[in-house]
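The values are calculated or read from the model by the stated rules, or taken from the named source; none is laboratory data. Values in this document were obtained by computation on a predicted structure and should not be read as measured data. Cβ coordinates were reconstructed from backbone atoms using ideal geometry, including for glycine residues, and neighbour counts include every protein chain displayed. Note: accessible area is taken over every heavy atom of the protein model, side chains too, but ligands, DNA and RNA are not part of it. Shrake-Rupley method; radii C 1.70, N 1.55, O 1.52, S 1.80 Å.
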Amino acid sequence: MVHQYKSNGFNIVLDVNSGMVHLVDELTYEMIAAFPNMERDALVKSVCEKFSDGTPDEEGRLLKGEELYSEAQHVYDELLSMKEAGTLFSEDIYEPYVEEFSKRETVVKALCLHTAHDCNLACRYCFAEEGEYHGRRALMSLEVGKKALDFLIQNSGNRKNLEVDFFGGEPLLNWEVVKELVKYGREQEARYEKKFRFTLTTNGVLLNDEVMEFVNREMSNVVLSIDGRKEVNDRMRPFRRGDGSYDLIVPKFQKLAEQRNQTDYYVRGTFTHHNLDFSEDVKHLSELGFEQISVEPVVAQPTEDYAFREEDLPELLKQYDILAKYILERRKSGKWINFFHFMLDLSGGPCVYKRLSGCGSGTEYLAVTPWGDLYPCHQFVGNEEFLMGNVDEGVTNLELREKFRQCNVYSKEKCKNCFAKFHCSGGCAANAYNFHGDIHDVYEVGCELQKKRVECAIMIQAAQAQNS
Amino acid sequence: MKHITTLNAKNLKETVKKGGCGECQTSCQSACKTSCTVGNQKCENKNR
């Protein structure tokens, strides 16, 4: 499968199954589109007719007549050799490996610890319903937290790196327990030959010097929630009493980001129908001095006023193009900016197994409620149908675990012919469930945005390769 | 005349043999909690 598109002056060709990205001239771009359906002579003749007025070569000189004919033949032969080398029109050889891979022993390597089902903000789009997850307010006890870490260690097989995200609600509402759990985790590391990677997701309201010092020492990543411009942030992220959170959190986030040398953190925002021009929010965050930025589209039922409507999609796609160009300009001017969803490592990146199996929800990745129940991920918390077990007994709903284990790119009919399938791994199971009642389905709006992000990410790589 | 420039150094198919160690970060533990951004995670396989 080949995906070809034009972006910011580049003719880009993605060979989906090999992951290879090629930049090509106009002549080659046309020939690749017709290559699967035409023989050599017919294809060469066809492009020569199409470009009878000439087509520019790399240096901008017009190729015409005999020279064009000869070059078209040369291009055809090159495409053929690329096909033989498996870098273009390559076959999908992975499906048999999925079955084999899904039979491997299930280990748990990451937990999202809901240390507090309570929040000091009342964000309007919160899937946790102001921290309560359709349930009661609660804080995780140290005892439950320790059992969660024990459960993780005991079920992690030979994985060395174990991830624990302190999440909520707002985890800083249960700060003493967070600190004690980090201490407990560190004590277990040598004993079990494990390495804990603790992370914190916070709204920043309770960040202070003591918290920052601890976080900088112990947390491998911090996610700082802020939506962007003051009016955008404060509209969706107010305190319960109604006033906005922007003025309080921005100086703290700036301080923490600097203390962390502008690495190993993200300012993370959500954009909604109310700020379709979200590239402005990323720009704003960049201009505030943040170098690690992630903003994501809101996922909401259509009845919500902030939910995207079908007609919003063209604008959202356009915004990603604007953002990609902004990032290139910003970097060119000597200011670093990293946008999480445009990160792409063409020299390596995750292996095909990771790309096939996705986020690991329900298998490698589980969420733990304040009272110790296990769910496939943070987004399923509160939906009893998805209760998987608890920290005392472990995963007891094996049928549900199996269902998640079988959830991969090849189990989703709608992903089969999608060029982005090895980048999103079939997308978010929770989103699919929330929109279609089936984790093997997909959330279409999310898919369109994901595809655009992949295109932009590749374009950025192309532009940087050209400048290097 | 150069018509094609390839940007990658590595073909995804090469990862079939030595991939799957599972040491890399879970995507929702980094910065996405509502999407599934897997393609941008770092590979942490020491035996690549």
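A few comments on the model shown:
- Mean residue ellipticity at 222 nm, helices only, chain A: -12500 deg cm²/dmol; runs of at least 4 DSSP H residues each add -39,500 (n - 2.57), and the sum is divided by the number of residues.
- Shown in residue order for the range A:377-392 are the 3J(HN,Hα) couplings computed by the Karplus curve 6.51 cos²θ - 1.76 cosθ + 1.60 at θ = phi - 60°: 6, 4, 6, 8, 4, x, 9, 4, 4, 9, 5, 9, x, 8, 5, 7 Hz (x for Gly and Pro).
- When the residues A:106, A:303 are ordered by accessible surface, computed with a 1.4 Å probe over the protein chains alone, the sequence from largest down reads A:303, A:106.
- Proximity of backbone amide H atoms, modeled 1.01 Å from N, is registered between residue A:223 and A:200, A:201, A:202, A:266 at under 5 Å, excluding neighbours fewer than 5 places apart on the same chain.
- Size descriptor for the range A:129-207, Kirkwood hydrodynamic radius: 13.5 Å (Cα pairs only, one decimal).
- Per-residue SASA entry for residue A:287, accessible area with 1.4 Å probe, Å² rounded to 10: 120
- Backbone HN-Hα couplings from phi across the range A:404-410 [Karplus 6.51/-1.76/1.60, Hz, Gly and Pro as x]: 6, 5, 7, 8, 8, 3, 7
- Computed on protein heavy atoms with a 1.4 Å probe, the accessible areas place A:273, A:134 in the order A:134, A:273, largest first.
- Normalised contact order of chain A, rounded percent, pairs of Cα under 8 Å and 6 or more residues apart: 14
- Here the Karplus curve 6.51 cos²θ - 1.76 cosθ + 1.60, taken at θ = phi - 60°, turns the phi angles of the range A:186-198 into couplings of 4, 5, 7, 4, 5, 4, 10, 6, 10, 10, 7, 10, 8 Hz, with x standing for Gly and Pro.
- Extending 7 Å from Cα along the Cβ direction at residue A:414 and again at residue A:264 yields two label points whose distance is 3.9 nm.
- Figure note: A:371, A:336 ranked by solvent-accessible area, largest first, 1.4 Å probe, ligands and nucleic acids not counted: A:336, A:371.
- Contact order normalised by residue count of the range A:316-446, Cα under 8 Å, 6+ apart, percent: 18
- Cβ-placed point charges (K, R +1; D, E -1), dipole of the range A:1-160 about Cα centre in debye, nearest 20: 1380
- Set of lysines with alpha-carbon distance to residue B:2 below 20 Å, sequence-local pairs under 8 removed: A:6, A:64, A:83
- Cysteines having no other Cys beta carbon under 4.7 Å from their own, within chain A: A:48, A:112, A:119, A:351, A:359, A:377, A:407, A:415, A:418, A:424, A:447, A:456
- Separation of the alpha carbons by more than 28 angstrom is noted, of A:194/B:18; A:103/B:42; A:146/A:412; A:335/A:414, for A:146/A:412; A:335/A:414.
- Over the range A:239-383, relative contact order from alpha-carbon pairs under 8 Å, at least 6 apart, %: 17
- Where both bridge residues fall in the protein assembly as shown, DSSP classifies roughly 45% of the beta bridges as antiparallel.
- The distance separating the Cα centre of the range A:107-182 from that of the range A:333-375 comes to 18 Å.
- A 1.4 Å probe run over chain A, with the rest of the protein chains in place, finds 41 Å² accessible per residue.
- Within the range A:118-166: Cβ-based charge dipole about Cα centre, in debye rounded to nearest 20 (Lys, Arg +1; Asp, Glu -1): 180
- Annotation: aspartates and glutamates with alpha-carbon distance below 20 angstrom to residue A:451 (same-chain offsets under eight excluded): A:15, A:92, A:277, A:296, A:310, A:311, A:312, A:315, A:321, A:345, A:413, A:441.
- Fraction of accessible area attributable to carbon and sulfur, the range A:395-468 (%, probe 1.4 Å): 45
- Counting only aspartates and glutamates at least 8 places from residue A:45 when in the same chain, those with an alpha carbon closer than 16 Å to its own are A:26, A:30, A:53, A:66, A:67, A:71, A:77.
- Out-of-range pairs (alpha-carbon distance over 27 Å; input A:50/A:318; A:109/A:421; A:416/B:17; A:354/A:452; B:10/B:46; A:252/A:421): A:50/A:318; A:252/A:421
- Average 1/r across all pairs of distinct alpha carbons in chain A, invert it, and you get the Kirkwood radius: 24.3 Å.
- A simple spin-label model places pseudo-atoms 7 Å from Cα toward Cβ; at residue B:5 and residue A:333 they are separated by 2.5 nm.
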